[in-house]
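Written out below as structure tokens is the structure these notes cover.
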Amino acid sequence: MGVISSLGDSPALLHSALCQGRTALHPVQEPGFDDLTCRQAGHISAFHPEVYLPEKNLRPLDRTGQLVVCAAKLALVNSGWTADKLGAHDVGLVLGTMFGSVHTISKFDRHALIQGPSYASPMDFANTVINAAAGQTAIWHKLRGINSTIACGSTSGLVALGYATDLIRYGHQIAVLAGGADEFCFESFCGFERAGLLYGNGEGRPVPFDHRRTGFALGEAAGLLMLEDWEAAVSRGANILAEIRGYGSTYNPVSDQSGNESDAIVRAIQAATEDAALSLVEIDCISASANGSVNLDRDEAFAVKTLWNGYSSLVPITAIKSMVGETLGASGVLQAIDLVETMRTGQLPGIAGLDEFEPTLPSLDICRHERSIRVRSGLVNSIGFDGHACALLISKPQDPN
Amino acid sequence: MTSTTAVVVTGIGLVTPIGTGRQRFWDALMAGHSGFGPVKSFDTGGFGVHLGAEIADFNPRDYVFALDPETIGRSSHLAIAAARLALQDGLLELDKTDRRRAGVCVGTTSGEPHFIERFDDHYVSGELERVGKEFITRYPCHVVPGHVAKELGLAGEAMMIPTACAAGNYAIAHASDLLRARKTDFMLAGGADSFSRITYTGFARLGAIAPEVCQPFDRNRKGMVPGEGAAMLLLELKERAIARGARIYCEIGGYGLSCDAHHMTAAHPQGEGAARAMNIALTKSGVAPSQVDYISAHGTGTPTNDRLETIAVKKTFGQLAYEIPISSIKSMLGHTMGAASAIEAAACALAITEGRIPPTMNWVSKDPECDLDYVPNVSRARDVRVAMNNAYAFGGNNSSLILTASSA
Amino acid sequence: MMDTQSIKTIIKQSISRVTGIPAETISDSASYEGDLGLDSLSILEIAVDVENHFKFQASDDELTSIRTVEETVDLVRRRLCAEVA
């Protein structure tokens, strides 16, 4: 696993920060943001790509490309895929992203508008395609297998993990680097603010399930998991961290942001359990998609209650976006990474800043503070504000004996 | 040879610069019609080139009913139109199906570029306050399959695969996997892109746009012509198609996807990745190279692509390459970006059912480095049992899709 | 017309922006591909940046034919003379 986030650049650091309840939110001080009312975000202030790739010229990459190339480096090192091994196999790459880089697209367009089309930047143009980061990462790390990009809004990363899992199951690839990324930039920040989806300012609270929540805080990250065929991983002596058991991906065709996504979420979770051949009682915790959105958090809470209603014990729920913010294409992947760390460490992060759980929501086992937990299987939810829902089930690796 | 768990094409929907609807499109393709003309969507005064392949006379109100066309972008209009046409062509009434098991998968290069272009216009004029709340609900590319799903009431997966100029093949490949795994019953899969100032500017700056004509594989070819369009294939398992008495155009065989991992905008000089994709597609389909009756080329018309693509085909097929007709319909349609390989897949499906191969138009003189049979200028009768659809994209993405005749 | 040294400085600044290599370490005879390890896209980026700075428009053939710093200087000089003439 490899991750570049505002709470750390390793799964262990990220998980530790989440367990401590640390927030990634800090003031947005970059020039050009002054007219926007939302003043805090979870952007990565100190991202230095040359730290991860010291020997190479990183200028042809834009920020999204740099985040992904660096996260890929970390994941490849962490999983033991050396340059020699990569040379001998065609490893794939599947990247989920909401925007690719809308900043690069806008910059390219504006430069051409101001200077004239004959002075448009060729290098920027190459990065305007939404699959640019995946292409750049393949070049940098010699990933010659299936290279795909998935765009399903904020569910992109989790859907990418499901898509990559299927590539392996159906025999198309033995190994695939899969995950998601979205950078923090003015263009998307402005767009979300105009849409009234950000938590705002002053009295605003980007806290999942909170009684006074007003919207989400925008973050940024890149996260990648090295997924491999089980037998191939065992035979190369890989350290197996977890198993992806199954996933479900659905859409709500009547989505209108009024708070009617529950059915799509229920169906996604049901599809995941069917795909995984796991029953609800076997799920030991849920990493919720909840990010402080008034309607989506409610829809998710009701969906979980609908499914688990009648079971004697409720399943513990955490929501890491309370700390790391809404990282869009990377969000589901950060949740998955944290779930794997939870399985390893036996600690589930709490939902930082949750003062009062909204009284009109159904009662759930909400994890407010870090707690010890034994997780054999966990559920990751990823829900978009405009209709997409995805659920992924991960289990601790089973001892074949 | 073909089993009932094969994935089949039962409906085709097309919106293209040479015609909308399967029959109009095919007739125009066979007659060698050109979709090129001076760009009308924006002022190309500051450019050294002015040729485009835009769709004239498209009225979204003919196809968009549930959603308000004013509230969604042109790529969504085109995708919805192609989807409706595919459903009508396939005689599928969604009301009689389980909509939770009907999904959509779209490929694109730009998504909905007009909205970021308007954002930038405001940005450059210092009028960012004019950016409204609808930017975030109309611009990000995932809204295109979302709008198709909303318009038609589809509740299965709604996915966007933005792998640029190879995206249509990726979408069809993914849809076929979902169907084989029985995760869904029906899929609308294809691609959509609307004419984009950003795309045009970029290709013009790379010197890739032809000044007067698109002539793939010709000795004097000077480049590609950016265009727009959409295609959707209605896909389902053969057993279901037979059970509901649907007309079967062809089967989707296997596919091969690979990455050059070499350069962002130029293909591998020895065609290595493209040849790998072709070989994987053949292997997965259980088809021998000698069984391929037609190759639909990526054939953009740029000096480099056509030369490298020819190398890749020879690398894959050896001497057999000289016996397989290979044509580029971009010679008529221009490069419709994310829609291209979906439109080309539709053309392959029709080649199989109609027993005719589309020509490469505007071919005048032979390039010694492009010496294969490009079906110059005139369509040709041929029994096509196996077609291969190739498409390549920025980022070194290579794709090959095999379509085969379906025996009952 | 601008002197050759100033033209070189501007070109090297452009190269530096694209490569991250400090301008003062780039030799006059450096070749883009061989010495600086640049691909065709980066070379075109430098060429367009230089065009933009000097406000001329080279033909596509001219842009794709420059291979070294010196050749770029020659192109700029030719173009600046042409604009003035």
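Where a number appears in this text, it was derived from the coordinates with a stated rule and is not lab data. Values in this document were obtained by computation on a predicted structure and should not be read as measured data. A quick note on method: Cβ atoms are made from the backbone with ideal geometry, for glycine too, and the neighbour counts reach across all protein chains shown.
Starting from the range B:125-221, pick out the GluC sites (Glu not before Pro) whose DSSP state is loop and whose Cβ has at most 10 other Cβ atoms within 10 Å.
Answer by residue number: B:Glu127.
Centre-to-centre, using Cα atoms only, the range B:124-188 and the range B:275-292 are separated by 29 Å. The range C:2-31 and the range A:182-198 have Cα centres lying 38 Å from one another. May I ask you to list the lysines whose Cα is less than 18 Å away from that of A:Lys73, ignoring any residue fewer than eight positions away on the same chain? Reachable lysines: A:Lys56, A:Lys85, A:Lys142.
When only Cα pairs below 8 angstrom with a gap of at least 6 residues are kept, chain C shows a relative contact order of 38 percent. Across the range B:278-350 the C-alpha pair distances fall into 10 Å bins from zero in the proportions 18, 50, 31, 1 percent. Entry for the range B:91-186 at q = 0.16 Å⁻¹: log10 I(q)/I(0) = -0.74, Debye formula applied to identical alpha-carbon scatterers, no solvent contribution.
Here's how it looks for B:Gly301: its modeled amide H is under 5 Å from those of B:Phe217, B:Asp306, which are all 5 or more places away or on a different chain. Kirkwood hydrodynamic radius computed over the range B:7-161 comes to 17.3 Å, based on all pairs of distinct alpha carbons. Each residue of the range C:11-17 was assigned a 3J(HN,Hα) from its phi angle through the Karplus curve 6.51 cos²θ - 1.76 cosθ + 1.60 (θ = phi - 60°); the sequence is 4, 5, 5, 5, 4, 4, 5 Hz, with glycine and proline shown as x.
Taking R0 as 22 Å, what's the FRET efficiency between A:Arg212 and A:Arg39 from their Cβ-Cβ distance, rounded to 0.05? Mind dumping the intermediate values first?
Values: r = 18 Å, r/R0 = 0.81.
For A:Arg212 and A:Arg39, the calculated efficiency is 0.75.
Model label points for C:Asp61 and A:His48, set 7 angstrom from Cα along the Cα-to-Cβ axis, are 4.9 nm apart. Identify which of A:Ala120, A:Ala178, A:Ala71 has the largest mean-square fluctuation in a Gaussian network model of chain A, with springs joining Cα atoms closer than 10 Å. Maximum fluctuation in the GNM of chain A, among the listed residues, is at A:Ala120. Sequence-ordered 3J(HN,Hα) estimates for the range A:263-274 from the Karplus curve with 6.51, -1.76 and 1.60 and θ = phi - 60° stand at 4, 5, 5, 4, 5, 5, 5, 4, 4, 5, 5, 5 Hz, glycine and proline given as x. Here's how it looks for C:Ser31: its modeled amide H is under 5 Å from those of C:Leu36, which are all 5 or more places away or on a different chain.
With a Förster radius of 51 Å applied to the C-beta separation of B:Ser407 and A:Glu231, the computed FRET efficiency comes to 0.90. Note that the range B:139-148 has calculated 3J(HN,Hα) couplings of 8, x, 4, 5, 5, 5, x, x, 5, 4 Hz, one per residue in order, obtained from phi through the Karplus relation 6.51 cos²θ - 1.76 cosθ + 1.60 (θ = phi - 60°); glycine and proline are x.
Filter the trypsin sites (Lys or Arg not before Pro) in the range B:1-77 down to the DSSP loop ones having no more than 14 other Cβ atoms within 10 Å, then list what survives.
Those satisfying the criteria are B:Lys40.
Here the gap between A:Arg169 and A:Ser258, fully extended at 0.36 nm per residue and compared with their Cα-Cα distance, gives a gain of 28.3 nm.
Multiply the residue gap between A:Glu370 and A:Arg59 by 0.36 nm, knock off their C-alpha separation, and tell me the result in nm, one decimal place.
Working: separation 311, 0.36 × 311 = 111.96 nm, distance 4.08 nm.
Length gained between A:Glu370 and A:Arg59: 107.9 nm.
Dividing the convex hull volume of the alpha carbon atoms of the protein assembly as shown by its residue count gives 157 Å³ per residue. For the range A:282-401, the normalised intensity computed at q = 0.22 Å⁻¹ comes to -1.43 (log10 of I(q)/I(0), Debye sum over alpha carbons, equal scatterers, no solvent).
Its residue count N fixes a reference of 2.2 N^0.38 Å for chain B, and the Cα radius of gyration divided by that reference is 0.92. Taking the number of Cβ atoms within 10 Å of each Cβ as an exposure proxy, the fewest-first ranking of B:Arg307, B:Arg382 is B:Arg382, B:Arg307.
As an exercise, use a Förster radius of 56 Å and the Cβ-Cβ distance of C:Glu33 and B:Ala31 to find the FRET efficiency, rounded to the nearest 0.05. My answer for the efficiency is 0.75. Highest GNM mean-square fluctuation among B:Ile280, B:Ile343, B:Ile172, for chain B modelled with Cα contacts below 10 Å: B:Ile280. By other beta-carbon atoms within 10 Å, ranking B:Asp367, B:Asp120 with the fewest at the front produces B:Asp367, B:Asp120.
In the range A:232-295 the Cα-Cα distances spread across 5 Å bins starting at 0 as 4, 13, 18, 19, 15, 14, 8, 4, 3, 2, 0 percent of all pairs. Amide hydrogen proximity for B:Gly52: with H placed 1.01 Å from N in the peptide plane, the residues at 5 or more positions away or on another chain lying under 5 Å are B:Gly37, B:Val39. Per residue, the average separation of C-alpha pairs within less than 8 Å and at least 6 apart gives the range A:2-395 a relative contact order of 22 percent. Remark: the protein assembly as shown carries a charge dipole of roughly 1420 debye about the Cα centre, counting +1 on each Lys and Arg Cβ and -1 on each Asp and Glu Cβ. For the range A:84-158 versus the range A:1-76, the spacing of their alpha-carbon centroids is 17 Å. Placing a pseudo-label 7 Å from each Cα along the Cα-to-Cβ vector at A:Val281 and B:Asp121 gives an inter-label distance of 6.2 nm.
As a test of the formula, what do you get for chain B when each DSSP H run with n ≥ 4 contributes -39,500 (n - 2.57) and the sum is divided by the residue count, at 222 nm and rounded to the nearest 500 deg cm²/dmol? Before the final figure, lay out each step's value.
Details: 12 runs with 129 residues, N = 408.
Only helices count here, giving -9500 deg cm²/dmol.
Computed over the range A:37-100, the P(r) curve from all C-alpha pair distances, binned at 5 Å from the origin, holds 3, 12, 21, 22, 21, 11, 5, 2, 1, 1, 0 percent per bin.
Shape of chain A from its Cα gyration tensor (a ≥ b ≥ c, root eigenvalues): rounded if a/c is under 1.5, otherwise prolate when a/b > b/c, or oblate? Don't skip to the answer; put the middle values down first.
Working: a/c = 1.67, a/b = 1.10, b/c = 1.52.
Note, shape of chain A comes out oblate.
Shape class of the range B:252-404 from the alpha-carbon gyration tensor: rounded, with the ratio a/c of largest to smallest axis under 1.5. Relative to the current alpha-carbon distance between B:Asp383 and B:Thr97, full extension at 0.36 nm per residue lengthens the span by 99.5 nm. For chain B, a Gaussian network of Cα nodes joined below 10 Å ranks B:Ala79, B:Ala381, B:Ala346 by mean-square fluctuation, and the top entry is B:Ala381. Within straight-line reach of B:Lys40, meaning a Cα separation under 29 Å, sit the following lysines at least 8 residues removed in sequence or on another chain: A:Lys107, B:Lys133, B:Lys222, B:Lys330, C:Lys55.
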